[in-house]
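Laboratory data are not the source of any read-out in this text; all were calculated from the coordinates shown. Treat the numbers as computed from the prediction; the structure is a model and nothing was measured. Note that each Cβ is placed from the backbone with ideal geometry, even for glycine, and that neighbours are counted across all protein chains shown.
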Amino acid sequence: MLAFLRGVVFYSFDAFKLEPRGDEDIGSPASTPFALHGTVLTPDTVVPDAYVVVQGQYIADVTTSRPAGMPIVEASGLILPGLVNAHDHPPYNIFPELSFGQTFPNRYAWQSHPAYIAFRERFSALQSQGLMCEMWKYAEVRSLLAGSTAQQGAYPTDYWACYAHPRILVRNPERINPALRTEVFPMRLSEVEREAIRRRVASSAYTRVIIHLSEGTDDASLAEFTTWQSWRLLPASVIIHGIPYGPAEFQAMRSAGASLVWSPRSNLRLYGATLDPRPALALGLQVSLAPDWTLTGSYDILRELNTTEALNRERFAGAITASTLVQMVTTHPAGQLGLDGRLGRITPGYLADIAVIAGAPGDPYSAVVSARAQDVQLVLIGGEAVYGREALLTMLYGPDAGEPITVCGERRRIRVALDAPNIPKSEQTLADITARLQEAEPALLPLDPCRAYRVNLPAVVRLVQ
Ligand SMILES: [Zn+2]
């Protein structure tokens, strides 16, 4: 029985179609509440010895008094918002790092490199074997293992139905926020297309325009900023990269209401350089941290945090606080994806997208930025535990909860398969998906983070000013 159904209405040839944007649009009768007990990072504040009450898809309460009449899950760790990944290319993330053996002046210079061309051929071969659903889901599982609950990078295609469904693995912001517009190659937009974007931003049909811009260290990369500005498209822009930017560009972005997504590891691998985010943060610009892809970036968002913390110590004298780094993977990206008010905080009324990470409560922010995927204890999406320690999953759902997965020698459980005949391939287990991909791709990146992780920082670390 449904309490309500809401969503986006499409009208065509005298027929109406209502498409829910996520589980929150499908009102089901309230389910039994439960509470997580641990140290809560909201993330602006730390609440020790607290209980997060989850009711249905939402956080109902955050309290220091033990709630009565509901199961208490002893999370034994830090309870924080599920990490929000503001920039990724998920289906590529089944491949390990590419070896270019050189750095480049800008993003256009490596598109013709033999290593990239060889990768594209392998990717296309998997696509032509009909494995895109499996690739998307495998990549989303990798995100979940790192405590991430939302991942940017989805786009409407025939595959969209099988992975970008609110009941399948991580949230796909593009599916739940129709006001997001994404352009990977914005310099190629025609004036007609640019005018259409300007009109839609003016009418709030688009509230965020997510673009790859200035990905390089040369003058041409910096000139992309002035070009975009001269096209009167800076307002509402979420700029991914912006490597050669300094205080002047950050100030212009702040004034226009734009924001920045930073992917330092990928920048360092490809260009031997990245930006200094300190002036941007000092201006109050929203800056989020995201891995970009496994081909040159970190293998997951926690690893990107580890890398950035090392860079912060080595190059910025530790000036970026651990709590700011945590905001850069929670509140900032949620805002940049237009999902503030719903995601990125542990507060009543927000969706119960929650990660529990093992760590000492004495210095919780530092514990999060130095956490590895094996420290992730539990991940909830919309109030449902999707992945976590076997004891927690079986306590919540019984001994048949999901399927087993070994992470760094520890038994975990994950819920991938669904009994949902209307969602293509939803019956596939993670074991099915992994077997199909292993058969098709000998170089498949292992799921187990302990097998996949490697030293992150490249030898050359240079800042662009
Ligand atoms: Zn990218």
(message) Using the Karplus curve 6.51 cos²θ - 1.76 cosθ + 1.60 with θ = phi - 60°, what ³J(HN,Hα) values do you get for each residue of the stretch 208-220, in whole Hz, with x for Gly and Pro?
(response) 9, 10, 9, 10, 7, 9, 6, 8, x, 10, 8, 4, 4
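Determine the dipole magnitude for the chain: charges of +1 sit on the beta-carbon of Lys and Arg, -1 on that of Asp and Glu, nothing else is charged, the reference point is the Cα centre, and the result goes in debye to the nearest 20.
On the way: 40 positive and 46 negative charges, 107 e Å.
Using Cβ point charges on Lys, Arg, Asp and Glu, the chain gives about 520 debye.
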(message) Explain nothing, just the number: dipole magnitude of the stretch 84-336 about its Cα centre with +1 on each Lys and Arg Cβ and -1 on each Asp and Glu Cβ, in debye rounded to the nearest 20.
(response) 480 debye
(request) Taking each pair of different alpha-carbon atoms in the stretch 237-336 once, compute 1/r for the pair, average those values, and report the inverse of that mean as the Kirkwood hydrodynamic radius in Å to one decimal. (result) 13.4 Å
(message) With equal scatterers on the alpha carbons only and no solvent term, can you work out the Debye log10 of I(q)/I(0) for the stretch 55-201 at 0.10, 0.14, 0.15 1/Å?
(response) -0.54, -0.92, -1.01
(request) May I ask for the percentage of alpha-carbon pairs in the stretch 315-411 that lie more than 15 Å from each other? (result) 69 percent
(message) Using each residue's phi in the stretch 421-435, evaluate 6.51 cos²θ - 1.76 cosθ + 1.60 at θ = phi - 60° and report the 3J(HN,Hα) Karplus result to the nearest Hz, with x for Gly and Pro.
(response) x, 7, 9, x, 6, 5, 6, 5, 8, 5, 4, 4, 4, 5, 4
(request) Provide Rg over Rh for the stretch 174-213; use the alpha carbon set for both Rg and the Kirkwood Rh (inverse mean inverse pair distance). (result) 0.96
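Can you give the alpha-carbon Rg of the stretch 84-336 over 2.2 N^0.38 Å, where N counts its residues?
On the way: Rg = 17.4 Å, N = 253, 2.2 N^0.38 = 18.0 Å.
That works out to 0.97 for the stretch 84-336.
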(request) Calculate one ³J(HN,Hα) per residue across the stretch 47-52 by plugging θ = phi - 60° into the Karplus curve 6.51 cos²θ - 1.76 cosθ + 1.60, and present them in order as whole Hz with x for glycine and proline. (result) 10, x, 6, 10, 10, 9
(request) Work the Kirkwood hydrodynamic radius out for the chain: mean of 1/r over every pair of different alpha-carbon atoms, inverted, in Å. (result) 22.6 Å
